[in-house]
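To start, the structure under review is shown below, and the notes come after it.
The values are calculated or read from the model by the stated rules, or taken from the named source; none is laboratory data. For clarity, every value in this text was computed on a predicted model and none was experimentally measured. A quick note on method: Cβ atoms are made from the backbone with ideal geometry, for glycine too, and the neighbour counts reach across all protein chains shown. In case anyone asks, the SASA skips ligands and DNA or RNA and just uses the protein heavy atoms, side chains included. Shrake-Rupley method; radii C 1.70, N 1.55, O 1.52, S 1.80 Å.
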Amino acid sequence: MGDNRQADWGSALHRARNHAPFLARALDRQPELAALLAAGDGAAALAWAKAQGKEPDAEVALRRERLALAAALAVGDLAGAFPLPQVVGELTGFADRALDRAIRTAIAERTGEDSADGFIALALGKQGAGELNYSSDIDPILLFDREHLPRRASDDPGEAAQRYARRIVALLAGNTADGYALRVDLRLRPASEVSPLCVPVGAALTHYQGAALAWERAAFTRARAAAGDIAAGEDFLAAIRPFVWRGQLDFGAIEEISALTHRIRDSHEGPPAPGPGFDVKRGRGGIREIEFYAQTHQLIHGGRDASLRVRGTRAALDALAQAGWITADNAAVLGEGYDRLRQIEHRLQMVHDRQTHALPEGAALDNVAQLDGLADGAALVAELTALTERTGSIYEELIGRRDTAPAPVAMPVSALTHQLAEWGFAEPDTLAERIESWRDGRHAAIRSPQAVAAWDRLAPALLEAMAASDDPTRAITRWERIIESVPSLITTFRLLDARPDLIARLVAALTLAPALSDELARKPELLDTLIDRDALDLPGATPAIMARMRGAAARDDYEALLDAIRIITGEIRFALGIQLIEGLADPLDIARALSRTAEAALQLAAEATVAEFAAKHGRIADSELLILGLGRLGGGALTHASDLDIVYLFTGDFAAQSDGDRPLGATIYYNRLASRVSAALSVPTAQGALYEVDTRLRPQGNQGPMAVSCEAFGKYQREAAWTWEHMALARARVLYGSPDARAGLEAVLAEVLHAPRDRDSLRDAVLGMRGEMAKHKPATGPVDAKLARGGLVDIEFLVHYLQLRGEAADGTSLAEAAPHALDPDLAIALAGLAEAGLIPADLAAPHALMSRMLVAGRLLAPDGREPPPSGARALARACGCDSYDALLEAFTAARLRVAAVWKQILGPDILAIEQENPA
């Protein structure tokens, strides 16, 4: 409620009676209301207006309430007592109540039931946003559910729904002695030119999931279940949410809204600037353009940023500013401008209760201005001129100003050849012809005149950046693949042109890391990640990643979920790669994030596959699947090149049988299920591959069954496993299974790992395995932090030897002296071993350095050889070193320290051995 202490009710009533014939008549017809307003009792006036809707005859009640509410709100608005949000909120509330009463009345007249089950009214436009104006029509979409719609037994559901729809329109929009209640426009329904007035829910879902147009997405950013069966309406909106809020950044929305704006401006017959005939809704800088500005940004970013999924225009602008997608200054200018334009729109409509948005001429313009409290029409025009110039300029920053932007001039091939040569490209004449062919119309991405112009403006800066990279040829080739495979790049061109920092990021992705450039060429939609600020944050915990994967599924079925897992995993892995090569995050944090992502994919794929498999074969009582992660997955620190080392196990009796239509014995059941889970994680779908799955660490390796019982697993580990298999178990972690089953398997692992061992035999086995490995898998280059002697493998062998030996320095049990020394995370285990007095504490630093080298090197130097200059600088930066030479020095010092600890604990001088037996 507004501040009545500052409200001028007398002036408002005077202006209403003298400048708004509609309001004057309304006040004369409702003297009791007029008296309440004259007394300045706005709350009582609103209550009196709403009470008019209690008339038993719905047709009469709705019209009388509407007239009373319009008069009360208008005078309160003019008095300054009712702020704009209250005015539009009350008008919207009436529309919702009226629509719901009309639905129930139409159904009750036919069936005698006071029910709206199965009949849905979705509010779009200003009603959906809670922003209705005085003379606005409503644009509902009417839907019906055949199974639940109330009807006579003899009525076909479809025919009944159409009968109700026609009656609803008549109840609301028909003119009677009391006027009308609401104008109703049903043309926003799916395929309105051919569809019935009320559309079946199934048909509407099919339309929005496959045949909807771009403008419908914008319309549904404001959609709300407003009347009728609200719960069913909310379910419908939830079902089409992926249509409205796309998972990828949707910069195509800018082009779509820009084209729509130019069409509106071209078709608008009024003047382009404020004056007689200027349309405050459709004109430059007007209401619609501010709404488009907010909706466009919501469509671009709302698929990823749920905080933007708000309905009101002011709320959207505030949310966009809060999230950092637009500036606070622009949000304030547009928001304040929007409110004032809506006030002026209301003044125009108050005069004669007409749905008009255009400024009148002469005395009529002065009349509107004086109704608003201004001196005359000139004052109103002057205010609007300044206002729309501010709002229009901000809007044109988004869509481009077609009439003023200078068209870029394409560089002739000869000049391009010369420029390419200056930049240092090889074979510049051939390359110039190749680049020129990109704009000859054969590629959809650079076909339209606007796309060609945008490319011509971007090309010089992008090509120069590519020339300065480590691998210009790779950059050109990968960029060309993107151009060939993407239907539209115009908005990407424009964004890169506007933000040169993104050009550097793109070129880095194309050249520094072959894995990233290959992935970007295969999936150009990953360009979003270069642009999306939030995409370059570390992902959350595993459950949050799983929720994101579920939310990305286009449908509620198994195949769609597997695609969604691949999409989200690919986006996260690519984003983490960009963070790594740009030095935006510590490689150790990236390794943990890669592991959380893989765990999310594994858990979700396993969960879905188990359910899918059970639908055919049933389940086995008191039995379930367990998945054990080993290696870097078990340790929770993956690289971009890591496989998933897993072992499948199951609980319960191996002789049991499933209870489904196609029953299977437990061993066959779980082996087939394990194969299905592996396929879910590794087999390429329409969205590509996911992970390589390695199950060779299972009992008996490739010769053994894919899945074994926990009992058989324990027996094998106790009686037949090799030392290297026990070392592998030191990094084991249960990734899938119920809490009870996990606890049971963890007990088996603890029993195996804590079993007493002969120290000399263990030492000999460890040294023998490492020696053989060094012979057959030597370091591949100067930055191979994994295989170089004194590197990560030696640290791992040293840690696992001490873990399996099982004693602290004082001879007590390691599990009791320092339990975290047995953690599968090597960094934690090193700290525990130091606490137990088994290794020096400073061994953690070499491990951290070399772990960073491994994670970063898998992208920047995948073969362990010296990367090119830019890659070398990026590798050094990722490892916290000032230069590549400094990194090599630090690496040498780290290896020496590891070798010294190795010699102290295990005996041989591994660096001397390496020098004696070079690869």
Problem set entry | Shape category assigned to segment 843-919 from the gyration tensor of Cα positions, a/c cut at 1.5 | prolate
For this session: Answer with one residue from Gly768, Gly53, Met350: the one whose Cα lies farthest towards the positive end of the charge dipole of the chain, charges on Cβ with Lys, Arg +1 and Asp, Glu -1.
Result: Gly53
Seminar exercise, completed: Taking the chain and counting helices only, DSSP H stretches of n ≥ 4 at -39,500 (n - 2.57) each over all residues, the nearest-500 ellipticity at 222 nm comes to -19000 deg cm²/dmol
Seminar exercise, completed: A chain fully extended from Glu234 to Glu336 at 0.36 nm per residue, minus the present Cα-Cα distance, gains in nm 33.6 nm
Problem set entry | Sites matching chymotrypsin sites (Phe, Trp or Tyr not before Pro) across segment 722-780 that sit in DSSP coil, with at most 14 neighbouring C-beta atoms within 10 Å | Trp722
For this session: Rank-order 224-234, 198-208 by packing density, defined as the average count of other C-beta atoms within 10 Å over each peptide's residues, highest first.
Result: 224-234, 198-208
For this session: Would you mind putting 691-703, 278-290 in packing order, based on average other-beta-carbon counts within 10 Å, highest first?
Result: 278-290, 691-703
Seminar exercise, completed: All alpha-carbon distances of segment 549-620, grouped into 10 Å bins from 0, give the whole-percent distribution 19, 39, 26, 12, 4
Exercise. DSSP beta bridges in the chain, what fraction antiparallel, as a percent rounded to 5?
Worked result: 70 percent
Exercise. In the structure shown, do any of Lys715/Lys786; Lys775/Lys903; Lys50/Lys126; Lys126/Lys281; Lys715/Lys903 have a Cα-Cα gap over 24 Å, and if so which?
Worked result: Lys715/Lys786; Lys715/Lys903
For this session: Can you send over the carbon and sulfur percentage of the accessible area for segment 5-119, probe radius 1.4 Å, protein chains only?
Result: 49 percent
Problem set entry | With every protein chain in place, segment 507-629: carbon and sulfur % of accessible area (1.4 Å) | 51 percent
Problem set entry | 5 angstrom amide H check on Ile138, placed H, neighbours 5+ away | Arg183, Val184, Asp185
Exercise. Out of Leu838, Val752, Ala788, whose Cα points farthest toward the positive end of the dipole of segment 746-887 (charges: +1 Lys, Arg; -1 Asp, Glu; placed on Cβ)?
Worked result: Ala788
Exercise. If you roll a 1.4 Å probe over the heavy atoms of the protein chains, what accessible area per residue do you get for the chain, in Å²?
Worked result: 41 Å²
Exercise. What trypsin sites (Lys or Arg not before Pro) does segment 432-539 have in DSSP loop regions with at most 16 other beta carbons within 10 Å?
Worked result: Arg442, Arg447, Arg533
For this session: Check the straight Cα-Cα distances from Lys523 and name the lysines below 26 Å, setting aside those fewer than 8 residues away within the same chain.
Result: none
Seminar exercise, completed: Taking protein heavy atoms only, a 1.4 Å probe, and rounding to whole percent, the accessible area of segment 309-467 owed to carbon and sulfur comes out at 52 percent
